[in-house]
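Below is one structure, written out as C-alpha coordinates; comments come after it.
The values are calculated or read from the model by the stated rules, or taken from the named source; none is laboratory data. Everything numeric here is computed off the predicted structure, so don't read it as measured data. Glycine gets a Cβ as well: all are built from the backbone with ideal geometry, and neighbour counts include every protein chain shown. With ligands, DNA and RNA removed, areas are computed over all heavy atoms of the protein, side chains included. Shrake-Rupley method; radii C 1.70, N 1.55, O 1.52, S 1.80 Å.
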Amino acid sequence: MTHTGRHFLQIPGPTNVPDRVLKEIAQATIDHRGPEFADLGVEVLERLKGIFRTHGPVVVFPSSGTGAAEAALVNTLSPGDRILIFETGWFSHIAWKQVAERLGVNVEYVPGTWRRGASPETLEQRLKDDTARELKAVVVVHNETSTGVVSRIADLRRAMNRSGHPALLIVDAISSLASIDLRHDEWEIDVTVCGSQKGLMVPPGLGFNAVSEKALAANATSKLPKAYWNWEEMLKANKSGFFPYTPATNLLYGLREALRMLDEEGFDNVLQRHARHGDATRAAVRAWGLDIVPENPAEYSNSLTAVYTPEGHSADRLRQTILEHFDMSLGTGLGKLAGRVFRIGHLGSFNDLMLAGTLSGVEMGLALAGVPHKPGGVLAAMQSLTASTQKTEPASAAR
Ligand SMILES: Cc1ncc(COP(=O)(O)O)c(C=O)c1O
(Lines give C-alpha, C1' and ligand atoms only; values in the text may rest on other atoms or scores of the structure.)
Protein backbone atom coordinates (compact mmCIF):
# COMPACT_ATOMS: atom_id res chain seq x y z
CA MET A 1 0.00 0.00 0.00
CA THR A 2 1.37 3.42 -0.95
CA HIS A 3 1.30 5.91 1.88
CA THR A 4 0.97 9.63 1.32
CA GLY A 5 1.43 12.55 3.74
CA ARG A 6 3.39 12.18 6.96
CA HIS A 7 3.87 9.03 8.98
CA PHE A 8 2.22 9.17 12.43
CA LEU A 9 4.87 8.16 14.95
CA GLN A 10 2.70 7.59 18.02
CA ILE A 11 4.88 5.21 19.97
CA PRO A 12 5.82 6.49 23.43
CA GLY A 13 9.29 7.41 22.20
CA PRO A 14 11.23 8.05 20.14
CA THR A 15 8.79 10.87 19.50
CA ASN A 16 8.21 13.23 16.57
CA VAL A 17 11.16 15.59 16.15
CA PRO A 18 10.12 19.17 15.31
CA ASP A 19 11.39 20.59 12.01
CA ARG A 20 13.21 23.34 13.92
CA VAL A 21 15.21 20.70 15.76
CA LEU A 22 15.91 18.67 12.61
CA LYS A 23 17.19 21.78 10.84
CA GLU A 24 19.60 22.51 13.67
CA ILE A 25 20.90 18.95 13.59
CA ALA A 26 21.54 19.33 9.85
CA GLN A 27 24.19 22.04 10.43
CA ALA A 28 27.83 21.38 9.62
CA THR A 29 29.62 19.57 12.43
CA ILE A 30 32.05 21.82 14.28
CA ASP A 31 35.30 21.35 16.19
CA HIS A 32 34.22 20.03 19.56
CA ARG A 33 37.36 21.53 21.12
CA GLY A 34 36.89 24.96 19.54
CA PRO A 35 35.39 28.15 21.03
CA GLU A 36 32.09 27.88 19.13
CA PHE A 37 31.42 24.53 20.75
CA ALA A 38 31.97 25.89 24.24
CA ASP A 39 29.05 28.31 23.75
CA LEU A 40 26.83 25.42 22.69
CA GLY A 41 27.95 23.28 25.63
CA VAL A 42 27.47 26.03 28.20
CA GLU A 43 23.99 26.96 26.95
CA VAL A 44 22.75 23.37 26.79
CA LEU A 45 24.10 22.43 30.23
CA GLU A 46 22.57 25.54 31.79
CA ARG A 47 19.16 25.16 30.14
CA LEU A 48 18.97 21.49 31.14
CA LYS A 49 19.01 22.50 34.80
CA GLY A 50 15.71 24.31 34.34
CA ILE A 51 14.07 21.24 32.80
CA PHE A 52 15.27 18.91 35.55
CA ARG A 53 14.36 21.62 38.09
CA THR A 54 17.77 21.52 39.68
CA HIS A 55 20.57 23.91 40.53
CA GLY A 56 23.07 21.07 40.37
CA PRO A 57 24.92 19.59 37.40
CA VAL A 58 23.34 17.58 34.60
CA VAL A 59 25.72 15.17 32.88
CA VAL A 60 25.10 14.45 29.17
CA PHE A 61 26.33 11.21 27.62
CA PRO A 62 26.30 10.16 23.98
CA SER A 63 24.10 7.19 24.84
CA SER A 64 20.60 5.82 25.02
CA GLY A 65 18.66 5.84 28.30
CA THR A 66 20.05 2.47 29.36
CA GLY A 67 23.55 3.92 29.20
CA ALA A 68 22.45 6.74 31.48
CA ALA A 69 20.96 4.13 33.86
CA GLU A 70 24.28 2.27 33.94
CA ALA A 71 26.06 5.58 34.57
CA ALA A 72 23.82 6.33 37.57
CA LEU A 73 24.67 2.94 39.11
CA VAL A 74 28.42 2.76 38.44
CA ASN A 75 28.95 6.30 39.69
CA THR A 76 27.26 5.79 43.05
CA LEU A 77 27.63 2.12 44.05
CA SER A 78 30.25 -0.49 44.88
CA PRO A 79 30.35 -4.21 44.03
CA GLY A 80 27.93 -6.22 46.17
CA ASP A 81 25.96 -3.17 47.36
CA ARG A 82 22.28 -3.89 48.06
CA ILE A 83 19.68 -1.78 46.31
CA LEU A 84 15.89 -1.78 46.15
CA ILE A 85 14.21 -1.67 42.74
CA PHE A 86 10.43 -1.51 42.44
CA GLU A 87 8.92 -3.79 39.80
CA THR A 88 6.70 -1.46 37.82
CA GLY A 89 6.90 -3.09 34.39
CA TRP A 90 9.23 -3.99 31.55
CA PHE A 91 11.63 -1.10 32.04
CA SER A 92 12.18 -1.58 35.76
CA HIS A 93 13.34 -5.04 34.75
CA ILE A 94 15.30 -4.49 31.54
CA ALA A 95 16.88 -1.09 32.20
CA TRP A 96 17.43 -1.44 35.94
CA LYS A 97 17.30 -4.93 37.49
CA GLN A 98 19.12 -6.57 34.62
CA VAL A 99 21.72 -3.82 34.28
CA ALA A 100 22.35 -3.63 38.05
CA GLU A 101 22.74 -7.41 38.36
CA ARG A 102 25.15 -7.52 35.42
CA LEU A 103 27.24 -4.90 37.18
CA GLY A 104 27.48 -7.04 40.33
CA VAL A 105 24.95 -5.11 42.40
CA ASN A 106 22.71 -7.06 44.78
CA VAL A 107 19.12 -6.30 43.77
CA GLU A 108 16.07 -6.67 45.98
CA TYR A 109 13.23 -6.51 43.46
CA VAL A 110 9.98 -5.41 45.13
CA PRO A 111 7.24 -7.32 43.29
CA GLY A 112 4.50 -5.39 41.52
CA THR A 113 1.46 -6.11 39.37
CA TRP A 114 2.44 -3.65 36.58
CA ARG A 115 -0.88 -1.85 37.22
CA ARG A 116 0.23 0.24 40.19
CA GLY A 117 3.19 2.48 40.87
CA ALA A 118 5.79 1.97 43.59
CA SER A 119 4.09 1.97 47.00
CA PRO A 120 5.26 4.63 49.49
CA GLU A 121 3.97 2.47 52.38
CA THR A 122 5.98 -0.57 51.26
CA LEU A 123 9.05 1.60 50.80
CA GLU A 124 8.75 3.18 54.23
CA GLN A 125 8.33 -0.19 55.94
CA ARG A 126 11.22 -1.81 54.04
CA LEU A 127 13.55 1.06 54.94
CA LYS A 128 12.47 1.01 58.59
CA ASP A 129 13.18 -2.74 58.67
CA ASP A 130 16.68 -2.15 57.32
CA THR A 131 18.11 -1.24 60.71
CA ALA A 132 21.63 -2.18 59.57
CA ARG A 133 21.31 0.40 56.77
CA GLU A 134 22.41 -2.12 54.15
CA LEU A 135 20.33 -0.66 51.33
CA LYS A 136 22.39 1.88 49.44
CA ALA A 137 19.85 3.06 46.89
CA VAL A 138 16.19 2.95 45.91
CA VAL A 139 15.42 2.89 42.19
CA VAL A 140 12.02 3.93 40.84
CA VAL A 141 10.83 4.34 37.27
CA HIS A 142 8.79 7.55 37.38
CA ASN A 143 6.66 6.86 34.29
CA GLU A 144 6.71 3.15 33.42
CA THR A 145 6.59 3.31 29.63
CA SER A 146 5.39 -0.27 29.27
CA THR A 147 2.22 0.37 31.28
CA GLY A 148 1.49 4.10 31.45
CA VAL A 149 1.61 3.98 35.26
CA VAL A 150 3.26 6.84 37.15
CA SER A 151 4.96 6.35 40.50
CA ARG A 152 4.40 9.24 42.92
CA ILE A 153 7.95 10.35 43.53
CA ALA A 154 7.10 13.16 45.99
CA ASP A 155 5.19 10.67 48.18
CA LEU A 156 8.02 8.13 47.90
CA ARG A 157 10.52 10.78 48.98
CA ARG A 158 8.34 11.69 51.98
CA ALA A 159 8.21 7.99 52.90
CA MET A 160 12.01 7.79 52.72
CA ASN A 161 12.38 10.87 54.91
CA ARG A 162 9.93 9.49 57.47
CA SER A 163 12.02 6.33 57.71
CA GLY A 164 15.17 8.37 58.29
CA HIS A 165 17.06 6.01 55.98
CA PRO A 166 20.06 7.44 54.09
CA ALA A 167 19.64 5.43 50.84
CA LEU A 168 20.03 7.33 47.59
CA LEU A 169 16.93 7.91 45.47
CA ILE A 170 17.52 7.15 41.79
CA VAL A 171 14.66 8.02 39.44
CA ASP A 172 14.19 6.98 35.82
CA ALA A 173 12.50 9.97 34.18
CA ILE A 174 13.10 8.74 30.64
CA SER A 175 9.47 9.05 29.57
CA SER A 176 8.38 11.68 32.10
CA LEU A 177 10.85 14.55 31.82
CA ALA A 178 9.30 17.54 30.04
CA SER A 179 5.93 15.75 29.99
CA ILE A 180 5.02 15.01 33.62
CA ASP A 181 5.95 17.09 36.65
CA LEU A 182 9.35 16.10 37.99
CA ARG A 183 11.36 18.15 40.49
CA HIS A 184 14.89 16.93 41.04
CA ASP A 185 15.84 19.35 43.85
CA GLU A 186 12.49 19.71 45.62
CA TRP A 187 11.92 15.95 45.72
CA GLU A 188 15.53 15.39 46.81
CA ILE A 189 16.23 12.98 44.00
CA ASP A 190 19.88 11.94 43.95
CA VAL A 191 20.16 10.88 40.33
CA THR A 192 17.50 11.62 37.72
CA VAL A 193 18.07 9.59 34.58
CA CYS A 194 16.76 10.56 31.17
CA GLY A 195 17.17 10.17 27.41
CA SER A 196 16.74 12.63 24.55
CA GLN A 197 14.14 10.82 22.50
CA LYS A 198 10.86 11.43 24.35
CA GLY A 199 9.66 14.62 26.02
CA LEU A 200 12.81 16.43 24.95
CA MET A 201 11.85 16.02 21.25
CA VAL A 202 15.38 15.12 20.08
CA PRO A 203 16.30 11.91 18.22
CA PRO A 204 17.69 9.02 20.30
CA GLY A 205 21.33 9.28 21.27
CA LEU A 206 21.71 11.45 24.38
CA GLY A 207 21.52 10.17 27.97
CA PHE A 208 21.31 12.37 31.07
CA ASN A 209 22.11 12.19 34.77
CA ALA A 210 21.02 15.07 37.01
CA VAL A 211 23.15 14.68 40.10
CA SER A 212 22.63 15.79 43.73
CA GLU A 213 25.34 16.73 46.25
CA LYS A 214 24.66 13.47 48.05
CA ALA A 215 25.16 11.52 44.83
CA LEU A 216 28.44 13.34 44.26
CA ALA A 217 29.55 12.34 47.76
CA ALA A 218 28.61 8.71 46.97
CA ASN A 219 30.57 9.02 43.74
CA ALA A 220 33.72 9.85 45.67
CA THR A 221 33.66 6.48 47.46
CA SER A 222 31.92 4.25 44.89
CA LYS A 223 34.03 1.36 43.66
CA LEU A 224 32.19 -0.03 40.64
CA PRO A 225 34.52 0.29 37.63
CA LYS A 226 33.77 3.34 35.48
CA ALA A 227 35.65 4.80 32.56
CA TYR A 228 33.37 6.08 29.80
CA TRP A 229 30.61 6.84 32.32
CA ASN A 230 32.81 8.60 34.86
CA TRP A 231 31.05 11.73 36.18
CA GLU A 232 34.22 13.22 37.57
CA GLU A 233 35.96 13.84 34.24
CA MET A 234 32.70 14.96 32.67
CA LEU A 235 32.01 17.54 35.34
CA LYS A 236 35.54 18.87 35.13
CA ALA A 237 35.34 19.38 31.35
CA ASN A 238 31.73 20.63 31.49
CA LYS A 239 32.78 23.63 33.59
CA SER A 240 33.97 25.33 30.40
CA GLY A 241 31.31 23.78 28.14
CA PHE A 242 33.49 20.92 26.88
CA PHE A 243 33.37 17.13 27.12
CA PRO A 244 36.20 14.68 27.94
CA TYR A 245 35.57 12.76 24.71
CA THR A 246 33.81 13.46 21.42
CA PRO A 247 30.24 14.51 22.22
CA ALA A 248 27.28 13.99 19.88
CA THR A 249 27.78 17.50 18.49
CA ASN A 250 24.84 17.63 16.11
CA LEU A 251 22.40 16.15 18.61
CA LEU A 252 23.47 18.89 21.01
CA TYR A 253 22.52 21.46 18.37
CA GLY A 254 19.13 19.78 18.25
CA LEU A 255 18.86 19.69 22.02
CA ARG A 256 19.65 23.41 22.31
CA GLU A 257 16.82 24.20 19.91
CA ALA A 258 14.39 21.85 21.69
CA LEU A 259 15.25 23.47 25.04
CA ARG A 260 14.64 26.91 23.55
CA MET A 261 11.27 25.69 22.26
CA LEU A 262 10.26 24.39 25.69
CA ASP A 263 11.26 27.72 27.15
CA GLU A 264 9.21 29.65 24.55
CA GLU A 265 6.12 27.56 25.30
CA GLY A 266 6.65 27.91 29.04
CA PHE A 267 7.40 24.84 31.09
CA ASP A 268 4.09 24.87 32.98
CA ASN A 269 2.25 25.10 29.66
CA VAL A 270 4.19 22.09 28.38
CA LEU A 271 3.06 20.03 31.37
CA GLN A 272 -0.49 21.34 31.05
CA ARG A 273 -0.59 20.38 27.37
CA HIS A 274 0.48 16.83 28.21
CA ALA A 275 -2.18 16.65 30.94
CA ARG A 276 -4.91 17.72 28.48
CA HIS A 277 -3.78 15.11 25.96
CA GLY A 278 -3.67 12.41 28.61
CA ASP A 279 -7.21 13.27 29.73
CA ALA A 280 -8.55 13.36 26.18
CA THR A 281 -6.96 10.03 25.27
CA ARG A 282 -8.44 8.35 28.33
CA ALA A 283 -11.83 9.85 27.47
CA ALA A 284 -11.58 8.18 24.07
CA VAL A 285 -10.61 4.82 25.53
CA ARG A 286 -13.48 4.97 28.04
CA ALA A 287 -15.94 5.74 25.24
CA TRP A 288 -14.64 2.77 23.23
CA GLY A 289 -15.38 0.65 26.31
CA LEU A 290 -11.79 -0.59 26.54
CA ASP A 291 -9.60 -0.87 29.66
CA ILE A 292 -6.34 0.88 30.37
CA VAL A 293 -3.50 -0.67 32.36
CA PRO A 294 -3.21 1.74 35.34
CA GLU A 295 -5.75 1.09 38.10
CA ASN A 296 -5.29 4.21 40.19
CA PRO A 297 -6.34 7.56 38.66
CA ALA A 298 -3.63 9.27 40.74
CA GLU A 299 -1.11 7.24 38.73
CA TYR A 300 -2.37 7.89 35.19
CA SER A 301 0.34 8.85 32.74
CA ASN A 302 0.19 12.04 30.70
CA SER A 303 2.78 10.81 28.22
CA LEU A 304 1.22 7.55 27.08
CA THR A 305 -1.86 5.38 27.45
CA ALA A 306 -1.58 1.59 27.45
CA VAL A 307 -4.85 -0.02 26.33
CA TYR A 308 -5.94 -3.66 26.64
CA THR A 309 -7.61 -5.28 23.65
CA PRO A 310 -10.52 -7.57 24.63
CA GLU A 311 -9.70 -11.23 25.34
CA GLY A 312 -9.05 -13.16 22.11
CA HIS A 313 -8.18 -10.06 20.07
CA SER A 314 -4.50 -9.52 19.38
CA ALA A 315 -3.22 -6.02 20.08
CA ASP A 316 -0.39 -6.69 17.61
CA ARG A 317 -2.84 -7.50 14.83
CA LEU A 318 -4.63 -4.24 15.55
CA ARG A 319 -1.34 -2.33 15.43
CA GLN A 320 -0.45 -4.02 12.15
CA THR A 321 -3.84 -3.09 10.65
CA ILE A 322 -3.38 0.52 11.73
CA LEU A 323 0.16 0.67 10.35
CA GLU A 324 -0.89 -0.80 6.99
CA HIS A 325 -4.00 1.30 6.50
CA PHE A 326 -3.15 4.58 8.18
CA ASP A 327 0.66 4.63 8.30
CA MET A 328 0.62 5.08 12.06
CA SER A 329 3.00 3.34 14.49
CA LEU A 330 1.65 2.57 17.97
CA GLY A 331 3.67 1.07 20.82
CA THR A 332 3.71 -2.70 21.19
CA GLY A 333 2.90 -4.58 24.39
CA LEU A 334 6.12 -5.45 26.21
CA GLY A 335 7.00 -8.50 28.31
CA LYS A 336 3.92 -10.09 29.85
CA LEU A 337 1.70 -7.52 28.09
CA ALA A 338 2.85 -8.62 24.60
CA GLY A 339 -0.13 -9.07 22.30
CA ARG A 340 -2.58 -7.88 24.99
CA VAL A 341 -1.83 -4.18 25.02
CA PHE A 342 -1.17 -1.38 22.57
CA ARG A 343 0.32 1.92 23.67
CA ILE A 344 -0.63 5.36 22.39
CA GLY A 345 2.18 7.88 22.78
CA HIS A 346 1.00 11.46 23.35
CA LEU A 347 4.20 13.14 24.43
CA GLY A 348 6.79 15.45 22.96
CA SER A 349 6.12 17.66 19.95
CA PHE A 350 2.37 17.19 19.73
CA ASN A 351 -0.89 19.12 19.44
CA ASP A 352 -4.67 18.71 19.59
CA LEU A 353 -5.14 17.87 15.93
CA MET A 354 -2.29 15.35 15.97
CA LEU A 355 -4.06 13.69 18.89
CA ALA A 356 -7.41 13.78 17.07
CA GLY A 357 -5.73 12.19 14.03
CA THR A 358 -4.05 9.56 16.20
CA LEU A 359 -7.29 8.60 17.92
CA SER A 360 -9.14 8.55 14.57
CA GLY A 361 -6.56 6.05 13.32
CA VAL A 362 -7.10 3.90 16.39
CA GLU A 363 -10.90 4.04 16.12
CA MET A 364 -10.89 3.18 12.41
CA GLY A 365 -8.33 0.45 13.10
CA LEU A 366 -10.50 -1.09 15.82
CA ALA A 367 -13.36 -1.32 13.30
CA LEU A 368 -11.20 -2.70 10.48
CA ALA A 369 -9.52 -5.28 12.73
CA GLY A 370 -12.90 -6.39 14.10
CA VAL A 371 -12.03 -5.53 17.70
CA PRO A 372 -15.25 -5.16 19.72
CA HIS A 373 -15.69 -1.56 20.85
CA LYS A 374 -18.23 1.23 20.97
CA PRO A 375 -17.85 4.08 18.48
CA GLY A 376 -17.52 7.66 19.75
CA GLY A 377 -14.02 7.69 21.24
CA VAL A 378 -12.76 10.44 18.94
CA LEU A 379 -15.83 12.54 19.70
CA ALA A 380 -15.29 12.10 23.45
CA ALA A 381 -11.66 13.17 23.04
CA MET A 382 -12.68 16.22 21.02
CA GLN A 383 -15.17 17.20 23.70
CA SER A 384 -12.51 16.79 26.37
CA LEU A 385 -10.08 18.93 24.37
CA THR A 386 -12.67 21.63 23.72
CA ALA A 387 -13.72 21.76 27.36
CA SER A 388 -10.13 22.08 28.57
CA THR A 389 -9.34 24.71 25.91
CA GLN A 390 -12.24 26.83 27.12
CA LYS A 391 -11.02 26.46 30.69
CA THR A 392 -7.49 27.63 29.86
CA GLU A 393 -8.43 30.36 27.34
CA PRO A 394 -7.00 33.75 28.38
CA ALA A 395 -9.64 36.35 29.32
CA SER A 396 -8.71 38.66 26.41
CA ALA A 397 -9.47 35.92 23.87
CA ALA A 398 -12.91 35.31 25.40
CA ARG A 399 -14.01 38.90 24.93
C1 LIG B 1 11.15 4.22 31.40
C2 LIG B 1 12.26 3.75 30.51
N3 LIG B 1 13.40 3.34 31.07
C4 LIG B 1 14.43 2.93 30.31
C5 LIG B 1 14.35 2.88 28.94
C6 LIG B 1 15.51 2.42 28.14
O7 LIG B 1 16.01 3.49 27.39
P8 LIG B 1 16.77 3.28 26.02
O9 LIG B 1 15.94 2.38 25.17
O10 LIG B 1 16.92 4.66 25.48
O11 LIG B 1 18.09 2.67 26.35
C12 LIG B 1 13.18 3.29 28.32
C13 LIG B 1 13.04 3.25 26.85
O14 LIG B 1 12.00 3.42 26.29
C15 LIG B 1 12.10 3.74 29.13
O16 LIG B 1 10.96 4.15 28.56
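Quick look at the values:
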item: Helix runs (DSSP H) in the chain reaching 18 Å along axis by Cα, Kyte-Doolittle at least 0.5; result: 352-368
item: Accessible heavy-atom area order of Arg158, Arg286, highest first, probe of 1.4 Å; result: Arg286, Arg158
item: Hull-based mean projected area of the stretch 312-371, where the convex hull spans the alpha carbons, in square nanometres; result: 4.2
item: Calculated FRET efficiency for the pair Gln320/Ser78, C-beta based, R₀ 56 Å, to 0.05; result: 0.75
item: Area accessible to solvent at Tyr300, 1.4 Å probe radius, in Å²; result: 60
item: Gyration tensor (alpha-carbon) shape descriptor, the stretch 48-144, a/c threshold 1.5; result: rounded
item: Cβ-placed point charges (K, R +1; D, E -1), dipole of the stretch 86-130 about Cα centre in debye, nearest 20; result: 200
item: Rounded FRET efficiency, nearest 0.05, which uses the C-beta distance separating Glu108 from Lys239 and R0 of 56 Å; result: 0.90
item: Highest to lowest packing among 138-145, 249-256, 101-108, scored as the average C-beta count within 10 Å; result: 138-145, 249-256, 101-108
item: Per-peptide average of other Cβ atoms within 10 Å, ordering 14-25, 259-270, 360-371 highest first; result: 360-371, 14-25, 259-270
item: Euclidean distance of C-alpha centroids, the stretch 49-93 and the stretch 220-286, integer Å; result: 13
item: Whole-percent carbon and sulfur share, accessible surface of the chain, 1.4 Å; result: 53
item: Nitroxide proxy distance, nm - points 7 Å out along Cα→Cβ at Asn269 and Asp39; result: 2.6
item: Over 21 Å between alpha carbons, listed pairs Lys97/Lys239; Lys49/Lys136; Lys128/Lys223; Lys214/Lys239; result: Lys97/Lys239; Lys49/Lys136; Lys128/Lys223
item: Amide H within-cut-off set for Leu304, under 5 Å, with H built and near neighbours excluded; result: His346
item: Efficiency of FRET from Cβ geometry, Asn351 and Ala387, R₀ 25 Å, rounded to 0.05; result: 0.90
item: Met1 accessible area, 1.4 Å probe, all protein chains in place, Å² to nearest 10; result: 150
item: Euclidean distance of C-alpha centroids, the stretch 127-180 and the stretch 27-46, integer Å; result: 34
item: Residue order for Met328, Met354 - accessible surface, 1.4 angstrom probe, largest first; result: Met354, Met328
item: Cα-based shape type of the chain, given that a ≥ b ≥ c are square roots of the gyration tensor eigenvalues and the cut on a/c is 1.5; result: oblate
item: Accessible area of the stretch 147-282 divided out per residue, in Å², using a probe of 1.4 angstrom; result: 34
item: Label zone at Arg183 (point 7 Å along Cα-to-Cβ), backbone N below 18 Å, the stretch 122-150; result: 142-143
item: Long-range HN-HN contacts of Val59 with modeled amide H, under 5 Å; result: Asn209, Ala210, Val211
